[in-house]
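Below is one structure, written out as structure tokens; comments come after it.
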Amino acid sequence: MTSTTNEAANVRRRRLAVLVPLVIFLGLALLFLIRLNAGDPSILPSALIGHPAPHTDLPPIAGLERDGKPVPGLDASSFNGAVTVVNVWASWCVPCHDEAPLLMQLAQDNRYRLVGINYKDQPGNARRFLGLYGDPFVAAGADENGRAAIDWGVYGVPETFVVGRDARIDFKLVGPITADNYDSVLKPQIEKVLAAGS
């Protein structure tokens, strides 16, 4: 009788040894599926949405010129009174190369300003990058130590922000601008901010 009881207990333990990991696995799989279908991962919430843009004074990228004149750096006061699209980029960033043509398209619209924060880059490399793809920025600041990117809450380059006329951040796109999110996400967000200040 004791051996039968021991055998039954052993069978229960073996079943539990199989069931517990299975239940844990199924729970993790369910959590993964929920997170996977939660929406666009490039649209991450930012603590800065609705708050004033960080005070950003950055020197120009050394030697960067347009029409024989230096391209200015960033000045915090330039965010007041104009809708501004801020792109954080670097020449060493592979996705930045992919989004460069779309930034040139964005630059065609004169209803807003497109400015760049060049993140931890060498000036010569940044100039070559803009020489290769075109310079879409009306101003481009050199963030050599990465401090400005930290202030903006940047996870990694590239990232793009839309700042309203009131100098408050209205939208943040994490990752590169792509053909898909350009028309479906970024342009509608810019249009919304432009309409808000009309």
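One table, with the values for the structure above:
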read-out	value
Extension reserve of the Trp92-Arg66 stretch, reckoned as 0.36 nm per residue once the Cα distance is removed	7.2 nm
Residue-averaged 222 nm ellipticity for the chain, from DSSP H runs of 4+ at -39500 (n - 2.57), nearest 500	-12000 deg cm²/dmol
For the chain, fraction of C-alpha pairs farther apart than 30 Å, in %	33
Net length gained if the chain between Asn6 and Val18 were fully extended (0.36 nm per residue, minus Cα distance)	2.5 nm
Difference of contour (0.36 nm per residue) and Cα-Cα distance, Asp180 to Arg111	22.6 nm
J(HN,Hα) series, segment 50-65, from Karplus relation 6.51 cos²θ - 1.76 cosθ + 1.60, nearest Hz, glycine and proline x	x, 9, x, 4, x, 5, 10, 10, 10, x, x, 5, 4, x, 7, 10
The chain, relative contact order [Cα under 8 Å, separation at least 6], %	26
Neighbour-count order for Ile177, Ile49, fewest beta carbons within 10 angstrom listed first	Ile49, Ile177
Ala53 long-range amide H proximity, modeled H, under 5 Å	Arg168, Ile169
Derived scalar couplings ³J(HN,Hα) [segment 167-177; Karplus, 6.51 cos²θ - 1.76 cosθ + 1.60; whole Hz; x for Gly, Pro]	6, 9, 6, 9, 7, 9, 10, 8, x, x, 6
Backbone HN-Hα couplings from phi across segment 101-118 [Karplus 6.51/-1.76/1.60, Hz, Gly and Pro as x]	x, 6, 5, 5, 5, 4, 5, 6, 8, 8, 7, 9, 9, 10, 10, x, 10, 8
Placed amide H near Arg66: partners under 5 Å, 5+ positions off or other chain	Val71
For Arg113, distant residues with modelled amide H under 5 Å away	Val83, Thr84, Val85
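Values quoted throughout were computed directly from the atomic coordinates according to the rules given, and no laboratory measurement underlies them. Source: prediction; values computed, not measured. Virtual Cβ from ideal backbone geometry, glycine too; neighbours counted across all protein chains shown.
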